[in-house]
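Working notes, structure below.
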Amino acid sequence: MPLNAMTHVEVDYSLPVEEIAPLLIRLTTEAAEEEGAYQVPKEVEIEVNIAKEQKRSMQVCSNWASLPTMPAPNVTECCCK
């Protein structure tokens, strides 16, 4: 990890290259902490809620795309008489 990043952010691990693979194997094979074991920062919670809303909006839009289309009214016939 770049030293500059380490001075500004709390890091979980800082390892030599040869120790990264064994750590990744260990981390991916051990059981995860129970949900709620760590407090989620408010900023992350906000981002998650934004992402959920965007996903929901995309689902709504895809539903709209499947609706039958209606022809647009002929505006020249309506207002030019």
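The values are calculated or read from the model by the stated rules, or taken from the named source; none is laboratory data. Note that the structure is a prediction, hence the values are computed from the model and not measured. Neighbour counts run over all protein chains shown; Cβ positions are idealised from the backbone, glycine included.
Computed values, structure above
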{"read-out": "Hey, residue 69 loosely packed, with under 10 Cβ neighbours inside 10 Å, of a type in the set (S, T, N, Q), at pLDDT 65 or above and under 28 Å from the mean Cα position of the chain (by Cα) or not", "value": "no"}
{"read-out": "Tally of residues being in a helix (DSSP H, G or I) and surrounded by fewer than 10 Cβ atoms within 10 Å (Cβ to Cβ) across segment 6-33", "value": "7"}
